[in-house]
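Below is one structure, written out as structure tokens, with a few remarks after it.
The values are calculated or read from the model by the stated rules, or taken from the named source; none is laboratory data. Keep in mind it's a predicted model, so treat the numbers as computed, not measured. Every residue, glycine as well, gets a Cβ built from its backbone with ideal geometry; the counts of neighbours run over all protein chains shown. Surface areas here come from the heavy atoms of the whole protein model, side chains and all, with no ligands, DNA or RNA. Shrake-Rupley method; radii C 1.70, N 1.55, O 1.52, S 1.80 Å.
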Amino acid sequence: MCIRDRVDIARENSSRIDIYDSFLSEEAVLGFEYGYSATWPSGLVIWEAQFGDFSNGGQIMIDQFISCAEDKWRIQSGLVMLLPHGYEGQGAEHSSARLERYLQLCAQNNIQIVNCTTPANFFHVLRRQMKRNFRKPLIVFTPKSLLRHNLCISKIKDFTSGCFEPIIDDSNSSSYDDSTLVLCSGKIYYDLFEEREKNKCFDIKLVRIEQLYPLDIDSIKKIYSKNNPKNFIWVQEEPEN
């Protein structure tokens, strides 16, 4: 049985949003949404897993279609997958989407993988998904803890102007010595930020990699050259690179 909740938003241009609480057959539902996105390129089709590991049930769709259909059959898809990331679920069977698992699927710009740290950047990556003149699957890691984190906020002007930032430089450290440059991604940024402020480690600069693939290597090189750090560190939540 599928519980269906539909929300219609009437606007001058007759825009509409439909929200469905689908049944727990991830392979079937993800396959349906993938097909829907391939045949409706002007629509924003989003599949959200309540917990990150729910995508395990749709593994065949991810491996055989979403990650490689453009190369195999020249079929483009703008499907968006929202996967909660981090051990914030209800036990071992309701925990993390494995970020490294999806990075292993990346090749020749086949998909996009982002790990946003601000509401505005999340908004802009969804907007970019529709404003582009081509379609690529987008996987967004969405930690549940950032929904209520008091530092994870954006101003209204951040939504109404600007664009998606694949890399966010550290704007709060202009007066720092910058002897250590730390690259990180996702919610661990806020843990590092709070520790830096608490311990007054003002010689540390935190740079957020918001888009992990395709990776903006040129911007990383520019940030490195600008700071010329003594130490260059990558920090992550995952047990392995």
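Accessible area of residue 158 (1.4 Å probe, protein heavy atoms only, ligands and nucleic acids ignored): about 60 Å². A Gaussian network model of the chain, with springs between Cα atoms under 10 Å, assigns the largest mean-square fluctuation among 61, 81, 130 to 130.
In terms of its Cα atoms, the chain spans 57, 43, 37 Å along the principal axes, sorted from long to short. Taking a ≥ b ≥ c as the square roots of the Cα gyration tensor eigenvalues, segment 39-174 comes out oblate, since a/c reaches at least 1.5 and a/b does not exceed b/c.
Applied to segment 125-139, the Karplus parametrisation 6.51 cos²θ - 1.76 cosθ + 1.60 on θ = phi - 60° returns per-residue 3J(HN,Hα) values of 6, 5, 5, 4, 4, 9, 7, 5, 9, 9, 10, 9, x, 10, 10 Hz, with x for Gly and Pro.
Both the radius of gyration and Dmax for segment 121-170 are 12.4, 36 Å, in that order, over alpha-carbon atoms. What percentages, rounded to whole numbers, describe P(r) for segment 115-241 computed over all alpha carbon pairs with 10 Å bin width beginning at zero? Calculated P(r), rounded to whole percents: 11, 41, 36, 10, 1. Counting only DSSP H runs of at least 4 residues, each contributing -39500 (n - 2.57), and dividing by the residue count of the chain, the helix-based mean residue ellipticity at 222 nm comes to -7500 deg cm²/dmol. Applying the Karplus relation 6.51 cos²θ - 1.76 cosθ + 1.60 with θ = phi - 60° to segment 109-120 yields 3J(HN,Hα) values of 6, 7, 9, 10, 10, 10, 9, 6, 10, 9, x, 5 Hz, where x marks Gly and Pro. Hey, rough spin-label estimate for residue 235 and residue 156, points 7 angstrom out along Cα→Cβ, what's it come to in nanometres? My value for the distance between the label points is 3.4 nm.
For segment 210-220, putting each phi into the Karplus relation 6.51 cos²θ - 1.76 cosθ + 1.60 with θ = phi - 60° gives couplings of 7, 10, 7, 8, x, 8, 7, 5, 4, 5, 5 Hz, in residue order, rounded to whole numbers and with x for Gly and Pro. Less than 5 angstrom separates the built amide H of residue 113 from those of 139, 212, 213, all sequence-distant by 5 or more or on a different chain. GNM remark for the chain: springs join alpha carbons under 10 Å apart, and the peak mean-square fluctuation among 57, 186, 162 falls on 162. For the chain, relative contact order (Cα pairs under 8 Å, six or more residues apart, normalised by length) works out to 17 percent.
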